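Undergrad: Dropping a structure here in structure tokens format, bear with me for questions.
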Amino acid sequence: MLTGKILDGFYILRRLTPGRFFNAWQITSSYILSRVFRRSIIRGLPMSVSIEPTTSCNLRCPECPSGLRAFTRATGMLSESHFQSWIEQIKSHVLYLNLYFQGEPFLNPAFLLMVKYASDRGIYVSTSTNAHYLKNDIAEQVVRSGLNRLIISLDGTTQQVYEQYRIGGLLERVLQGVENVVAAKRKLRSRTPYLIFQFLVVKPNEHQIEDARKMAKDFGVDEIRFKTAQIYGNPEGSGLLPDNPRYARYKKNKEGQYVIKNKQLNHCWKMWHSCVITWDGKVLPCCFDKDARYSMGHMQDKSLSEIWQSPPYISFRKRLLKSRKEIDICANCSVGTKIWG
């Protein structure tokens, strides 16, 4: 697993052109200066971008707006033409593309064409999937597309446990999909995509953590990550909260209320180095803005560089530097609470 992780890091560094390196230096220095002087200083452009292929999903997971069909924003599919025009805008400065936000990306018919388009322009491409669509022919297309990283949601090592969160899902199909991708990598003599099992720890599955580690090893997966669950509303009223505090995103305060564990410090690296673009072109400051309530602008009206330096974005960063805890999308932030396998 360590060798795979080193190679994965190497593949990211290979994408560092002189222009991207200079941009990364500008962004990093801006972030440091902003923290020191408590001012919104921003030079350079985002070096990491998430683009949403679709809001559609085949599963109905609780605590997921896509699974619950509970979005307050428009839902739909990203068009290939819009994606290509956005990539042409950002390819000189973006090092890392996460082709995922909400929904199941493989439901977009043009998804792997989008992966290839970005990969052919020297961008490291990652995505996340529930792995229900990785049949033999699709698995080979995944490997040939140039996808660098494939994150697969596991969330249980038996069907009985898996389906308690992944409602409507079949663990057998997930594991067969993993086998198909591993076989395709071997057949095509490819080191990519780097495979990650992501295990969302909830009360029904926390007893299977060690089984999940073993399963990752047995199936030839490069890495396993354990993720804390996000709970909407009152966490105390959820049966998903695990008993083991290590795997809980929340803790009880002195008043007996559940609050986020990590400290809400008045800075955030994400606001300086990355952003999210929804399927219909809204630019969001963070992946926790699932309903696009904090849209900074629209890609069909302005370029990303204009939006990145716009008054709404500058104002949002200033607000965060002043008091992050007053921004509601920060209330469930998992930064600092992810557990690596």
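The values are calculated or read from the model by the stated rules, or taken from the named source; none is laboratory data. Because the structure is a prediction, the values reported are computed rather than measured. Note: ideal-geometry Cβ built from the backbone for every residue, glycine included; neighbour counts use all protein chains shown. Surface accessibility is based on the protein's heavy atoms, side chains included, excluding ligands, DNA and RNA. Shrake-Rupley method; radii C 1.70, N 1.55, O 1.52, S 1.80 Å.
Undergrad: Could you list, in sequence order, all residues of the range 180-194 that are touching a residue at least 24 places away in the same chain (Cβ under 8 Å), assigned to a helix (DSSP H, G or I) and surrounded by fewer than 15 Cβ atoms within 10 Å (Cβ to Cβ)? Quick ask: steps written out before the conclusion?
TA: Restricting attention to the range 180-194, the residues satisfying the condition of being touching a residue at least 24 places away in the same chain (Cβ under 8 Å) are 180-185, 187-188, 190-194.
Within this subset, residues satisfying the condition of being assigned to a helix (DSSP H, G or I) are 180-185, 187.
Correct list: LYS187 only.
Undergrad: Among (1) in a loop (DSSP other than H, G, I, E, B); (2) crowded, with 17+ Cβ neighbours inside 10 Å, where does VAL174 come up short?
TA: (1)
Undergrad: Output the residues belonging to the range 187-225 that are aliphatic (A, V, I, L, M), touching a strand residue (DSSP E or B) at 6+ places or on another chain (Cβ under 7 Å) and under 29 Å from SER119 (Cβ atoms). Can you show your working first?
TA: Of the range 187-225, the ones aliphatic (A, V, I, L, M) are 188, 195-196, 200-202, 209, 212, 215-216, 221, 224.
Retained after the next criterion (residues that are touching a strand residue (DSSP E or B) at 6+ places or on another chain (Cβ under 7 Å)): 195-196, 200-201, 209, 212, 216, 221, 224.
LEU195, ILE196, LEU200, ALA216, VAL221, ILE224 - these are the residues of the range 187-225 that are aliphatic (A, V, I, L, M), touching a strand residue (DSSP E or B) at 6+ places or on another chain (Cβ under 7 Å) and under 29 Å from SER119 (Cβ atoms).
Undergrad: Would you mind finding the one in LEU2, LEU7, LEU13 that is loosely packed, with under 13 Cβ neighbours inside 10 Å, over 22 Å from PHE106 (Cβ atoms) and modelled with pLDDT under 90?
TA: The match here is LEU2.
Undergrad: Moving on to the next point. Residues LYS318, LYS214, LYS263, LYS252: which one is basic (Lys, Arg) and in contact with a helix residue (DSSP H, G or I) (Cβ under 9 Å, 6 or more places away or on another chain)?
TA: On the way: LYS318 fails: in contact with a helix residue (DSSP H, G or I) (Cβ under 9 Å, 6 or more places away or on another chain); LYS214 fails: in contact with a helix residue (DSSP H, G or I) (Cβ under 9 Å, 6 or more places away or on another chain); LYS263 fails: in contact with a helix residue (DSSP H, G or I) (Cβ under 9 Å, 6 or more places away or on another chain).
Only one candidate passes the filter, namely LYS252.
Undergrad: Which of the numbered conditions does ARG246 fail, given that it passes all the others? Conditions: (1) without any contact (Cβ under 8 Å) to a residue 40 or more places away in the chain; (2) farther than 30 Å from ASP137 by Cβ; (3) part of a helix (DSSP H, G or I); (4) open to solvent by 30 Å² or more (accessible area, probe 1.4 Å).
TA: (1)
Undergrad: Let me ask you something else. Please work out which residue is nearest to GLY67 (Cα to Cα), limiting yourself to the range 195-216 and to residues that are over 23 Å from the mean Cα position of the chain (by Cα) and open to solvent by 30 Å² or more (accessible area, probe 1.4 Å).
TA: Filtering the range 195-216 down to residues over 23 Å from the mean Cα position of the chain (by Cα) leaves 204, 207-208, 210-211, 214.
Within this subset, residues satisfying the condition of being open to solvent by 30 Å² or more (accessible area, probe 1.4 Å) are 204, 207, 210-211, 214.
Working: PRO204: 18, HIS207: 24, GLU210: 27, ASP211: 26, LYS214: 28 Å.
Result: PRO204.
Undergrad: Can you name the residue in the range 153-165 that is part of a loop (DSSP other than H, G, I, E, B) and surrounded by fewer than 24 Cβ atoms within 10 Å (Cβ to Cβ) and, of all such residues, is nearest to the chain's Cα centre (by Cα)? First the steps, then the outcome.
TA: Filtering the range 153-165 for residues part of a loop (DSSP other than H, G, I, E, B) gives 154-158.
With the extra rule that they be surrounded by fewer than 24 Cβ atoms within 10 Å (Cβ to Cβ), the set shrinks to 157-158.
Numbers: THR157: 22, THR158: 25 Å.
Of everything passing the filter in the range 153-165, THR157 is nearest to the chain's Cα centre (by Cα).
Undergrad: Quickly run through the range 280-304 and pick out the residues that are in contact with a Pro (Cβ under 9 Å, 6 or more places away or on another chain) and in a loop (DSSP other than H, G, I, E, B). Steps first, answer last, please.
TA: From the range 280-304, those in contact with a Pro (Cβ under 9 Å, 6 or more places away or on another chain) are 290-291, 294-297, 304; that's our starting set.
Passing the criteria: LYS290, ASP291, TYR294, SER295, MET296.
Undergrad: To continue, here is another question. From the list VAL36, VAL49, exactly one residue is surrounded by 16 or more Cβ atoms within 10 Å (Cβ to Cβ) and at pLDDT 90 or above. Which is it? Break it down stepwise before answering.
TA: Details: VAL36 fails: surrounded by 16 or more Cβ atoms within 10 Å (Cβ to Cβ).
Going through VAL36, VAL49 in turn, just one is surrounded by 16 or more Cβ atoms within 10 Å (Cβ to Cβ) and at pLDDT 90 or above: VAL49.
Undergrad: Looking at GLY336, is it at positive phi, of a type outside the set (D, E, K, R) and at pLDDT 90 or above?
TA: Values: at positive phi: yes; of a type outside the set (D, E, K, R): yes; at pLDDT 90 or above: no.
No; evaluated as a whole, the condition is false for this residue.
Undergrad: With the requirement that a residue be among the β-branched types (Val, Ile, Thr) and over 17 Å from the mean Cα position of the chain (by Cα), what does the range 276-334 give you? Write out each step before concluding.
TA: Within the range 276-334, the first condition is being among the β-branched types (Val, Ile, Thr), and the residues that meet it are 276-278, 283, 307, 314, 327, 329.
Within the range 276-334, ILE307, ILE314, ILE327 qualify.
Undergrad: Tally time: how many residues in the range 75-90 are touching a helix residue (DSSP H, G or I) at 6+ places or on another chain (Cβ under 8 Å) and open to solvent by less than 70 Å² (accessible area, probe 1.4 Å)?
TA: Counting residues in the range 75-90 that are touching a helix residue (DSSP H, G or I) at 6+ places or on another chain (Cβ under 8 Å) and open to solvent by less than 70 Å² (accessible area, probe 1.4 Å) gives 7.
Undergrad: Oh, and also: Which members of the range 214-233 meet the condition of being within 22 Å of ASN244 (Cβ to Cβ) and β-branched (Val, Ile, Thr)?
TA: Residues satisfying the conditions are ILE224, THR228, ILE231.
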